[in-house]
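Encoded as C-alpha cells, the structure appears first; notes follow it.
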Amino acid sequence: MKRLFATATLALTAALTAALTTAHAQPGSSTSRPPIRPLGPVAAATTDSLGTITNVRALPGGRLLVNDISARRVLLLDSTLAIVKVVADTTPGNPNAYGSGMASLIAFRGDSTLFVDAQSLSMLVIDANGEVQRVMSVPRAQDAMMLAAGGVGAGAFYSNGHLVYRGMPAIRMQMVNGTPQMSGIPDTMAITRVNLQTRVVDTVGFVKIPRSLPTITRTDDGKMNVSIEVNPLPVVDEWAVLPNGDVAFVRGRDYHVDWVEANGTRRSSPKMAFDWKRLTDEDKAKLVDSVKTLLDKQAAANPGQGAAMATAFGSMM
C-alpha cells in the first residue's frame, strides 16, 4: 500500500464517535435518521512504502503511530506523513523488538500508547515522542492474542483504568482420523473488562459475530489445508468504549444501542430509523461475486496474506 489517507480515516472515526456520543447523551430521542457527515479532502499522503496497516494512533501536532504488521514495524509519522522514527521493528539488536506473532496498538493514558506483543506477553508503553517508557505484562496470558488482534474488527480500548477487549471464543477441537477438527466457531463473543491495578476481570456483555464453518484436511504429504465457509450477509453486532468507561453495544438486528455504564448500570437507546431493503436471489449472487472479486484482488496485492493468516490460525489453535 503506497498511500495512507490519515485525514479520511480520522474523520470517519470522529464521525462514528460523534454519532455514538449523541446517542449516549440523548437516550430518549426519537428514531430520526442521524445526519450525514461528509469526509473532508485528503490533507497529506505518504510516498513511503507501507504494508498492511491495522492500527493508527493519532497524536498531538498531527503525528501518527502506525502499526505495519506485514513489515513488522511500528512507525512514528509527522503531520506530512513522513517517517520520523522507527519505534519497533525486527532489526537485530533493537531493544524494541517486533515479534513474529500478533501485535497491536491501544490508546493509553493521555498521549501514551500500548504496543501489545502477543508472543512475549508484554505491553510496551510508548509516549507521544515515540519513546518506550516502560514494559508491562498482559493482564492474562490467555487473552494476549485477543488484545493483540487489533486488525480483526474492534480491538481493545483503555478507559477509566480498565482495558476492554474481546474475549477468546470458545472453540472446541477434536481429532478425527489424526486430523484436528473444529466443531464450528460460536456466533457470539464476550466483551471482557480488566482493571489494570487490581487485575480483576469481568464480562461486560456479548456481541453477535459472523459464524464460520472451518474444515481441515490433511494431504498425502502431511500438510494441512484449511477452508472456511462464511455467510456473506451475517447479522452482527459492534461495540465501542466511551472515554468515561461506558460500553456501547450496537445491535445489528434492529439497529439499537445497549449501554453498560462503568458502574454496571444497563440501559438501551431506541431503535434507529433505517430503510430496510429485501435482497433478491440475484442481489445475493451479485454480492457473493463482488466479495470473491475483492478477496482475489486483496490476495494478489498482498502475497504474504496467506502466510500471515496461517500464522494467526496456528496461534489460535
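I'd like to know if region 286-300 contains one or more residues that are among the charged types (D, E, K, R) and assigned to a loop (DSSP other than H, G, I, E, B). Looking for residues that are among the charged types (D, E, K, R) and assigned to a loop (DSSP other than H, G, I, E, B), one finds none in region 286-300, hence no.
Would you confirm, using the coordinates I've provided, whether Asp221 is more than 18 Å from the chain's Cα centre (by Cα), of a type in the set (Asp, Glu) and part of a strand (DSSP E or B)? Considered against the rule, which asks whether it is more than 18 Å from the chain's Cα centre (by Cα), of a type in the set (Asp, Glu) and part of a strand (DSSP E or B), Asp221 comes out as no. A Cβ distance below 9 Å, combined with a sequence gap of six or more or placement on separate chains, defines the contacts here; from region 211-223, residues that are under 22 Å from Ile185 (Cα atoms) reach residues that are part of a loop (DSSP other than H, G, I, E, B) and among the acidic types (Asp, Glu) in the pairs Arg211/Asp187. Annotation: of all residues in region 42-62 being assigned to a loop (DSSP other than H, G, I, E, B) and more than 21 Å from the chain's Cα centre (by Cα), the one that is farthest from Ile126 (Cα to Cα) is Val42. For region 40-54, state whether one or more residues are crowded, with 17+ Cβ neighbours inside 10 Å, farther than 28 Å from Met146 by Cα and at pLDDT 90 or above. No, region 40-54 has no match at all. Scanning region 272-283 for residues that are part of a loop (DSSP other than H, G, I, E, B) and either loosely packed, with under 10 Cβ neighbours inside 10 Å or at pLDDT 90 or above (or both) gives Asp275, Trp276, Lys277, Arg278, Thr280. Of all the residues in region 288-317, those that are of a type in the set (A, V, I, L, M, F, W, C) and either touching a Phe, Trp or Tyr at 6+ places or on another chain (Cβ under 9 Å) or at pLDDT below 75 (or both) number 8.
So which residues in region 224-266 are part of a strand (DSSP E or B), touching a residue at least 40 places away in the same chain (Cβ under 8 Å) and farther than 22 Å from Ala190 by Cβ? The answer is Met224, Val226. Could you please give the count of residues in region 92-120 that are more than 29 Å from Ser79 (Cα to Cα) and either in contact with a Lys or Arg (Cβ under 6 Å, 6 or more places away or on another chain) or crowded, with 17+ Cβ neighbours inside 10 Å (or both)? Within region 92-120, residues that are more than 29 Å from Ser79 (Cα to Cα) and either in contact with a Lys or Arg (Cβ under 6 Å, 6 or more places away or on another chain) or crowded, with 17+ Cβ neighbours inside 10 Å (or both) number 2. Closer than 16 Å to Met136 by Cβ, out of contact with any helix residue (DSSP H, G or I) (no Cβ under 6 Å at 6 or more places or on another chain) and among the acidic types (Asp, Glu): does that describe Asp89? No; evaluated as a whole, the condition is false for this residue.
Listed by position, the strands (runs of 3 or more DSSP E) inside region 74-168 whose residues that are under 21 Å from Thr198 (Cβ atoms) number at least 3 are 122-126, 132-137, 157-159, 162-166.
Taking the conditions (1) at pLDDT 90 or above; (2) touching a Gly at 6+ places or on another chain (Cβ under 6 Å); (3) not in a loop (DSSP other than H, G, I, E, B) in turn, Val66 satisfies each one other than (2). Being under 28 Å from His256 (Cα atoms), modelled with pLDDT under 50, surrounded by 13 or more Cβ atoms within 10 Å (Cβ to Cβ) and touching a Gly at 6+ places or on another chain (Cβ under 8 Å) is a property that Ala11 has. Residues that are loosely packed, with under 11 Cβ neighbours inside 10 Å and among the β-branched types (Val, Ile, Thr) are absent from region 225-243.
The values are calculated or read from the model by the stated rules, or taken from the named source; none is laboratory data. Worth saying up front: this structure is predicted, and the values here are computed from it rather than measured. Note that each Cβ is placed from the backbone with ideal geometry, even for glycine, and that neighbours are counted across all protein chains shown.
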